[in-house]
Amino acid sequence: MVPIALASTFAGSSDVTRAVEALAARLPDPLRDLAAVAYNYQWSWLEDGASVFATLDATRFDRVDENPVGLLRQLPEQVLARAAGDQDFLARARSLVHDVARALDAPSRASVTTPAPIAFMCAEFGVHRSLPMYSGGLGVLAGDILKEASDLGLPFVGVGLLYRRGYFHQRLDLTGKQQEYWVEVDTDVLPAVPVTGDDGTPVTVQVRVRDELVSVAIWRVDVGRVPLYLLDTDLPGNSAVARWITSRLYEGNRAIRLAQYTVLGVGGVRALRALGIEPAVVHLNEGHPALAAVELARRNGDRRALDASLAAVRDRVVFTTHTPVPAGNETYTDTELVEAVGTLMRELGVEPREFLGLGRADPADTRQESGMTPLAIRASRSTNAVSAVHGTVARTMWHPMFPTRAADDVPITHVTNGVHLPTWMAAPMRRLLAQHLGDDWEQRADEPATWAGVDAIPDAELWAVRNELRMRLVDTVRDRSVRDRLARGEPIEYVEAAASTFDPGRLTVGFARRLATYKRLHLLSLEPERAVRVLGDHLQFVFAGKAHPLDEEAKLVNKRLFELKSAPGVSTHVVFLEDYDLSIAHPLVSGCDVWLNLPRPPYEASGTSGMKAALNGGLNVSALDGWWVEAYDGTNGWVVDGGPAIGDTATAKPDDSDEARDRRDARALFDVIEHEVTPLFYERAVDGIPHAWVARMKAALRTIGPRFCATRMMRDYERRVYASSERGG
Ligand SMILES: *Cc1c(COP(=O)(O)O)cnc(C)c1O
């Protein structure tokens with residue numbers, strides 16, 4: 001068999017080792033091995049990982065966003081000395097060290113065993129709350145992919161950007177309007193190290209952005225066996241503008257955004273080369289890194305026409321498209337692109353005209369703007385969407401690029417998303433399933449047979465886990481809303497009331513995701529009387545999410561819902577949690593009984609939060625779009641579907657406007673909640689257990705677990721994308 005390249009063999013490992021030694025030097029002897037644990041996010045998906053560090057100082061651990069490097073650096077000597085003498089703690093620490101080592105050494109279960117790695121390039125990575133290099137679903141999925149690749153022992157490296165100020169943080173003012181602010185990341189305490197060369201100085205690469213030759217440094221973050229390389233332009237030699245390139249994720253300034261794509265794509269390929277990594281496959285995750293293909297094509301001074309040299313590297317490039325929303329497939333004017341990369345293209349021997357053409361659906365139609373998605377599709381041997389319906393939408397959307405083919409023959413396939421089970425299934429559920437499905441069940445999570453044992457779990461045990469997870473969420477909600485209300489300057493009575501909001505026994509419904517208009521949070525405000533009634537009588541609602549800073553419409557929806565709290569009898573049953581991120585996502589997706597997903601079909605490419613909820617026994621109430629089209633089977637959740645246009649007006653003319661559809665879907669949503677969800681939840685036997693509800697939870701676990709875990713997703717990528725040079729269509 002061909003040897004498999006593990007993380008330790010990739011560039012920067014000696015830099016990580018040096019950082020570990022420096023941290024270990026300040027720890028008492030018995031704790032020294034924890035330094036190595038702190039510098040590899042592997043701990044974050046082991047069962048006792050977070051709790052070992054939290055035992056040292058739970059408050060401080062939370063304050064440093066659960067970053068163990070930050071924690072171990074800060075802890076006073078006496079605290080460390082006390083832990084070093086605590087035999088119970090040492091036993092747990094030793095067993096964590098052992099578990100990390102075992103995970104890093106586990107035999108590979110990958111079926112792709114090239115000696116060279118797959119280079120996975122993405123504009124954002126959501127690995128952990130302490131590494132704020134993500135905004136939402138795309139990044140969290142990318143983080144899950146790295147973790148799963150590590151678990152499988154797939155030779156893999158990640159390439160992204162190190163945003164010094166990450167994504168924005170959110171606060172609501174007293175009226176419920178979103179305010180944004182950015183926080184500078186302290187790179188000194190991140191579990192990230194600058195990669196240095198043989199001479200001990202940082203490795204840098206140069207990329208021409210606009211007219212400046214920008215220097216780019218490379219950081220390494222270890223995610224299990226997978227190194228994640230993050231590029232950073234905030235270096236003293238660069239101009240102030242160049243230093244800003246890797247400042248904020250999804251920067252509003254279009255010129256800076258193009259600069260980011262240039263650094264990520266072209267800089268990413270140059271960084272890999274500088275690190276001595278020759279990838280077997282370059283995986284462009286979403287269009288942002290697409291310029292990588294141009295750099296790959298031109299690296300040996302190839303001066304053929306650009307499309308010919310791209311064809312020569314096509315066998316090594318694959319592309320995943322993530323959004324059917326036009327805004328997600330940004331386009332740029334010729335002027336913008338020429339300003340951003342014209343000089344770079346000329347350096348690469350590429351005519352700007354040629355390059356601009358490859359970013360258009362029809363290269364010859366100069367009236368069209370150019371974007372990264374058509375370039376990525378042209379440069380890749382395989383393009384995939386992220387769910388079956390998204391595949392259909394993407395084939396239609398990009399049909400103009402393949403005018404000689406029928407729409408269903410457009411060469412775009414799909415690999416449906418999945419979520420990393422050890423990251424997203426809460427510990428009590430993992431323990432329960434381990435008892436019933438066998439010790440190594442997680443390694444077989446993608447096999448339906450593994451989950452068959454779910455049906456035999458006593459209802460009382462599963463229900464007890466559900467109650468525990470809901471209780472944890474109630475604690476989180478109370479804690480956070482006291483703090484949120486204080487920070488907003490609410491009256492003290494209202495602040496104090498937060499400590500008793502939410503009822504640990506009440507049906508708990510959640511909605512959390514980016515607040516984009518197509519996600520339709522506003523459906524909840526279309527039937528205000530019914531919303532107030534269900535909230536007053538039977539359920540409690542927690543929601544969270546950030547609106548894009550420039551999306552005034554989405555901010556307004558949020559504000560309107562926020563105002564619901566003033567209706568009598570409702571304020572203790574509805575809570576908005578500010579600043580949605582990974583730290584809130586965990587308690588939310590695991591604690592809610594019902595998870596709402598209301599996209600306007602067909603705008604949701606996949607959606608992943610509902611999969612996370614299902615892994616914790618949550619039931620989805622969702623519009624039929626994205627992953628739910630594949631998952632829903634009538635027994636494992638509910639569908640919100642207001643039906644086809646039937647005409648809301650007296651003339652009975654079909655009304656298929658968005659507004660009419662929204663009204664119908666809002667009505668359908670409240671019908672499902674009032675007539676099906678609520679009665680089923682409160683239908684209790686003498687033992688107090690809602691057995692029919694628990695049966696649905698079991699159906700959700702059994703049917704959704706194997707098909708929407710990241711193991712299944714990565715197996716699909718191995719078989720259908722990485723291994724073959726099959727071009728689809
Ligand atoms: C899973 C996740 C998302 C994606 O949610 P969707 O349902 O796909 O919209 C967004 N943000 C965070 C923090 C997540 O964990």
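None of the figures in this text is laboratory data; all of them are computed from the coordinates on show. Keep in mind the model is a prediction, meaning the values are calculated, not measured. As a convention, Cβ positions derive from the backbone with ideal geometry for all residues, glycine included, and neighbour counts pool all protein chains shown.
Applying a 10 Å radius around every beta-carbon, put 672-678, 205-211, 259-265 in order of their mean neighbour count, most first. List each step's numbers first, then the result.
Numbers: 672-678: 17.1, 205-211: 19.7, 259-265: 26.7.
Taking the mean over residues of other Cβ atoms within 10 Å, the ranking is 259-265, 205-211, 672-678.
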Under-5 Å amide H pairs with Q179, H placed in peptide plane, nonlocal only: R171, L172, D173
Karplus 3J(HN,Hα) series, Hz, for region 112-129 with 6.51 cos²θ - 1.76 cosθ + 1.60 (x for Gly, Pro): 8, 10, 5, x, 8, x, 8, 9, 9, 9, 8, 6, 9, 9, x, 8, 6, 4
Hz values of 3J(HN,Hα) by residue in region 213-219 - Karplus curve (6.51, -1.76, 1.60), Gly and Pro given as x: 8, 9, 8, 10, 8, 10, 9
Relative packing of peptides 345-357, 17-29 - highest average C-beta neighbours within 10 Å first: 345-357, 17-29
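Assign unit charges at the C-beta atoms only (+1 for Lys and Arg, -1 for Asp and Glu), then state the dipole size of region 118-380 relative to its Cα centre in Debye, rounded to the nearest 20. Display every interim value, and only then the final one.
Working: 27 positive and 33 negative charges, 37 e Å.
Roughly 180 debye, rounded to the nearest 20.
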Rg [Å, one decimal], Dmax [Å, integer] - region 13-105, C-alpha atoms: 12.1, 34
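Enumerate the helices in the chain for which the Kyte-Doolittle hydropathy averages 0.5 or more and the C-alpha atoms extend at least 20 Å along the helix's axis, using complete DSSP H runs.
On the way: long enough: 87-105 (27 Å, -0.09); 137-152 (22 Å, 0.69); 459-488 (42 Å, -0.79); 658-672 (21 Å, -1.29); 691-707 (24 Å, -0.15).
For the chain, where a helix must reach 20 Å along its axis and average at least 0.5, the hits are 137-152.
As a check on your grasp of the helix formula, calculate [θ] at 222 nm for the chain: sum -39500 (n - 2.57) over DSSP H runs of n ≥ 4, divide by the residue count, round to the nearest 500.
Numbers: 30 runs with 297 residues, N = 729.
Rounded to the nearest 500, it is -12000 deg cm²/dmol.
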N620 long-range amide H proximity, modeled H, under 5 Å: W595, W638
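How would you rank 272-279, 698-705, highest first, on the average number of other Cβ atoms within 10 Å across their residues? Walk me through the intermediate numbers first.
Details: 272-279: 17.6, 698-705: 22.1.
Ranking, from highest mean packing down: 698-705, 272-279.
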Candidates per GluC sites (Glu not before Pro) in region 423-470, loop by DSSP, up to 16 other Cβ within 10 Å: none
Farthest toward positive dipole pole in region 118-380 [+1 Lys/Arg, -1 Asp/Glu at C-beta], among V263, V325, P374: P374
Whole-Hz couplings from phi, Karplus 6.51/-1.76/1.60, listed for region 162-175; x for Gly and Pro: 9, 7, 5, 10, x, 9, 6, 9, 10, 10, 9, 8, 4, 8
Under 18 Å between alpha carbons - lysine pairs in the chain that sit 8 or more apart or on different chains: 13
Debye intensity ratio I(q)/I(0), log10, the chain, q values 0.08, 0.10 Å⁻¹ (C-alpha model): -0.64, -1.03
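Dipole magnitude of region 197-291 about its Cα centre, charges +1 at Lys/Arg Cβ and -1 at Asp/Glu Cβ only, in debye to the nearest 20? It would help to have the intermediate numbers written out before the result.
Numbers: 10 positive and 10 negative charges, 54 e Å.
Charge dipole of region 197-291: 260 debye, to the nearest 20.
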Percent breakdown of C-alpha pair distances by 5 Å bin, ordered from the shortest bin, for region 118-380: 1, 6, 13, 18, 20, 17, 12, 7, 3, 1, 0, 0, 0
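Under 8 Å for C-alpha pairs, at least 6 residues apart: give me the relative contact order for region 13-105, rounded to a whole percent.
Details: 75 pairs, mean separation 31.3, N = 93.
The value is 34 percent.
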Region 585-649 and region 392-464: distance between their alpha carbon centers, rounded to Å: 14 Å
Of A364, L162, Q87, farthest towards positive along the dipole that unit charges on Lys, Arg, Asp, Glu beta carbons give the chain: A364
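Hey, could you get me the Stokes-Einstein D for region 218-315, Kirkwood radius over alpha-carbon pairs, 10 °C and 1.306 mPa s, rounded to whole µm² s⁻¹?
Values: Rh = 14.7 Å.
Here the translational diffusion coefficient equals 108 µm²/s.
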Between region 115-191 and region 469-546, the Cα center-to-center distance that results, in Å: 26 Å
